[in-house]
1. List, please: which pairs have Cβ atoms under 7 Å, are six or more places apart or on different chains, and start with a residue in the range 131-159 that is open to solvent by 30 Å² or more (accessible area, probe 1.4 Å) and end with one that is aromatic (Phe, Trp, Tyr)?
2. Restricting to the range 99-125, name every residue that is within 15 Å of Ser244 (Cα to Cα) and open to solvent by 80 Å² or more (accessible area, probe 1.4 Å).
3. Identify, from the list Gln272, Gln251, the residue that is among the polar types (S, T, N, Q), at pLDDT 95 or above, at negative phi and more than 14 Å from the chain's Cα centre (by Cα).
4. Within the set of pairs 6 or more residues apart or between chains, which connect a residue that is over 15 Å from Asp93 (Cα atoms) and in contact (Cβ under 8 Å) with a residue 60 or more places away in the chain inside the range 104-117 to a residue that is open to solvent by less than 70 Å² (accessible area, probe 1.4 Å) and of a type in the set (S, T, N, Q) with Cβ atoms less than 7 Å apart?
5. Which one of Ala53, Ala128, Ala79 is among the hydrophobic types (A, V, I, L, M, F, W, C), modelled with pLDDT of 90 or more and surrounded by fewer than 20 Cβ atoms within 10 Å (Cβ to Cβ)?
6. Residues in the range 193-215: is at least one open to solvent by 10 Å² or more (accessible area, probe 1.4 Å), of a type in the set (Asp, Glu) and either touching a His at 6+ places or on another chain (Cβ under 6 Å) or more than 26 Å from His65 (Cα to Cα) (or both)?
7. Starting from residues that are among the aliphatic types (A, V, I, L, M) and part of a helix (DSSP H, G or I), keep the ones in the range 150-173 and report whichever is nearest to Glu261 (Cα to Cα).
Amino acid sequence: MKTPESIIAKLAREYETFTRSEKKITDYILLHQVEAQYMTITELAEKCGVGEATLTRFCRTLGCHGFGGFKLALAKDNAPVLSSFAGDGIEVDASDTVDALCLKLYTANQEALTMTYHLINPALVVKAVDILEKARRVCCCGQGGSSIMAMEAWGRFITVTNKVQWIQDSHMQAMGASLLEKDDAILFFSFSGATKDLMDVARIAREREVRLILVTGSYTAPAAVYADVVLLCGAVEGPLQMGSVAAKVSQMFLIDVLHNEFCRRDPRQCAQNHEVTLDALSGKYL
């Protein structure tokens, strides 16, 4: 069976057939293969000195399914054999002992938390909770692993307020967003900030004048331009990680920050609601 040609080999082989803009992209990629895996389309286009549309077309010219497919192909070219990434470039491989494995994972998660802490802008947290506090309804959304984070946010807030809901299906998210009003809000989780489903919901939110809080990995994420507030999670995640635990840990930290700031605004009511929800669960235990 013929081994598929690597994306780097293809770039080198077809270099002379590329346009001037495509050569600029290729020149940068060949010199920054690893760094490019972690960039958003906006960041890479800026580094290459081309437009995002040009970069997207080039990725498809290479036979990739858009920019995400290109980053995945690039990551496969640079992936060590029989290894995975715990986060922030920390590799776990077959030669590791269990002790080494635990230390690497602990370090990756700890670094994600530390980075997220240092990225927190208190003014943006205040603005985000202002939106949540004043909203009539709040929809928590995400896709794939980020949908799990949206559910986690819903699970936290539902103990103190009944105005938060989780919408899992992307079609339902679009339909739900289309019926929201000015006094409603969306809390969206997307590490890449660059999925089609997110962009669809973000555009609907903009049209409906609905406030959008985006939890993502970069201020330059394409969806960030639609957000009223962008909260950054500090994990470093490559295309091959597919929702790393380190990224989830950093997002859960932000959920905890938002939830506690929300409760701090009205501690008496939140404590009362929390007690009521705990009582509702009392019969669930043996």
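1. Going by the 7 Å Cβ cut-off, the qualifying pairs are Glu133/Phe262; Met151/Trp166; Trp154/Trp166.
2. Result: Tyr106, Gln110.
3. Gln272
4. Going by the 7 Å Cβ cut-off, the qualifying pairs are Ala112/Ser250; Leu113/Ser250; Thr116/Ser250.
5. Going through Ala53, Ala128, Ala79 in turn, just one is among the hydrophobic types (A, V, I, L, M, F, W, C), modelled with pLDDT of 90 or more and surrounded by fewer than 20 Cβ atoms within 10 Å (Cβ to Cβ): Ala53.
6. Yes - at least one qualifying residue is present in the range 193-215.
7. Selected residue: Ala153.
The values are calculated or read from the model by the stated rules, or taken from the named source; none is laboratory data. On a predicted model such as this, the values are computed, not experimentally measured, just so you know. When we count neighbours, we look across all protein chains shown, and the Cβ atoms used for this are built from the backbone with ideal geometry, even at glycine. The accessibility values were calculated without ligands, DNA or RNA, using every heavy atom of the protein model including side chains. Shrake-Rupley method; radii C 1.70, N 1.55, O 1.52, S 1.80 Å.
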